[in-house]
Structure formats: structure tokens, C-alpha cells
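So the structure is just underneath, and the comments pick up after that.
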Amino acid sequence: ALLAGCQGGSEDLVQPEPAPTDSATECDATKPNGNAPPGEAPGRYYGNGKLWTVLPPDGVVRPDRSMVQPNGTIRVKFPWWRAVEGLLTISGRRLDAEGRAIAADVPSGYGVTGFQATSILFPTAGGWSVTGRVASASLRFVVAVREARDVS
């Protein structure tokens, strides 16, 4: 089950990109690897030297109800940084069940390198594989998206 707990273990500072799987649990979620974009302070970055984003510390997205759109999708902001020139595209699919692919909002006006604001629209809670691409560079990660909760 997606909400099952994970066994503790040592974590490396640098984590390779996750191997594709046909299912996902919170244990499979990608954690930040500490690889920050040039000029950025250390943080919850996940990157490969060409593309970077920010991930939750445990790879689990815990949306609140304000992130749920009228059609039921869950909108989550993901900042990206690009060291290669080109336009960012984002794709993704559900790993733990059949379902629609993600949609992404990648607004224009950010140039062809550097910072890029985005939102990813997850059709449902579950385990998701997400891939960002710019030219021949790509960055793949897995997130576990929980059901939306009330803000306290």
C-alpha cells in the first residue's frame, strides 16, 4: 500500500536516478541528493548536473485541500533549474495503478537556461514517475502523492 511505512536505513548523499519499476511505494520515492544548481544555497535539491528540482525530504508529497483543482487533480509546484539550453517539458505516469498521465504547466518567460517555475498536475494520489527534459538532458524521479488533507 502506498501509505505503508518504510524501514529505516542509511542514505547516501548522492543518489542515482531511480530504476524504472512497475509499482511504487513511499519507500521507492526519490529523496533529494543534495546536488544544488550553480549559485544556489544547499537545500532539498535533486539533480544531475544538467537539470535540478526540489523534492520533499522523504519523497512524499502531502498536499492540502487548496492544491486540489475543481476537476480533482492535485496541483503541486516544482521549481526547476536548467544548465542546458532549451524549453523544459515534463511528463509522467502512475506506477502503482492504471491511470491518466500527469499534466504540467510550464509557463513561458523564463528564458532558455536557469530557473523555471512549473506546476505538475497529478490526476490522483499514488506513486508517480516524473521526467523533465530539456534538449537531450533528462531528470527522472519518483514521488508518492498522498490524498489531500485539511489545513490546520
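The values are calculated or read from the model by the stated rules, or taken from the named source; none is laboratory data. Computed from a predicted model, the values in this text were never measured in an experiment. Ideal geometry is used to build each Cβ from the backbone, glycine not excepted, and the neighbour counts take in all protein chains shown. Note: accessible area is taken over every heavy atom of the protein model, side chains too, but ligands, DNA and RNA are not part of it. Shrake-Rupley method; radii C 1.70, N 1.55, O 1.52, S 1.80 Å.
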Let me check something: with ligands and nucleic acids excluded, how do Tyr46, Tyr110 order by accessible area (1.4 Å probe), largest to smallest?
Tyr110, Tyr46
Pull up all non-local amide H partners of Phe78: gap of 5 or more, or a different chain, and H-to-H distance under 5 Å with H placed in the peptide plane.
Thr118, Ser119, Ile120
From phi via Karplus (6.51, -1.76, 1.60), per-residue ³J(HN,Hα) for the stretch 135-144 in Hz, x at Gly/Pro:
6, 8, 8, 9, 9, 10, 8, 10, 10, 9
Work out from phi, with θ = phi - 60° and the Karplus expression 6.51 cos²θ - 1.76 cosθ + 1.60, the ³J(HN,Hα) of each residue of the stretch 75-91, listed in order in whole Hz, and give x for Gly and Pro.
8, 10, 6, 10, x, 10, 10, 10, 9, 10, 7, x, 8, 7, 10, 10, 10
Excluding Gly111 itself, calculate the net charge of residues whose Cβ lies under 11 Å from the Cβ of Gly111, where each Lys or Arg counts +1 and each Asp or Glu counts -1.
0
How would Arg146, Arg65, Arg82 rank on accessible area, largest to smallest, probe 1.4 Å?
Arg65, Arg146, Arg82
Amide H to amide H under 5 Å from Ala125: which residues, 5+ apart in sequence or cross-chain, H placed 1.01 Å off N in plane?
none
Quick one: net charge of Gly86's neighbours, Cβ under 11 Å, K/R +1, D/E -1?
+2
Among residues other than Ala148 whose Cβ falls under 15 Å from its Cβ, what is the net charge (Lys/Arg +1, Asp/Glu -1)?
+3
Accessible area in the full protein assembly, largest first, 1.4 Å probe, for Lys50, Lys77
Lys77, Lys50
Note, ³J(HN,Hα) from phi for the stretch 118-131, Karplus 6.51, -1.76, 1.60, rounded to Hz, x at Gly and Pro
8, 10, 10, 9, 8, x, 8, 5, x, x, 10, 9, 10, 10
For Phe115, list long-range residues whose amide hydrogen, built 1.01 Å from N in the peptide plane, is under 5 Å from its own amide hydrogen.
Arg82
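Under a Cβ-only charge scheme (Lys and Arg +1, Asp and Glu -1), can you give me the dipole magnitude of the stretch 20-152 about the Cα centre, in debye to the nearest 20?
Dipole magnitude for the stretch 20-152 comes out near 180 debye.
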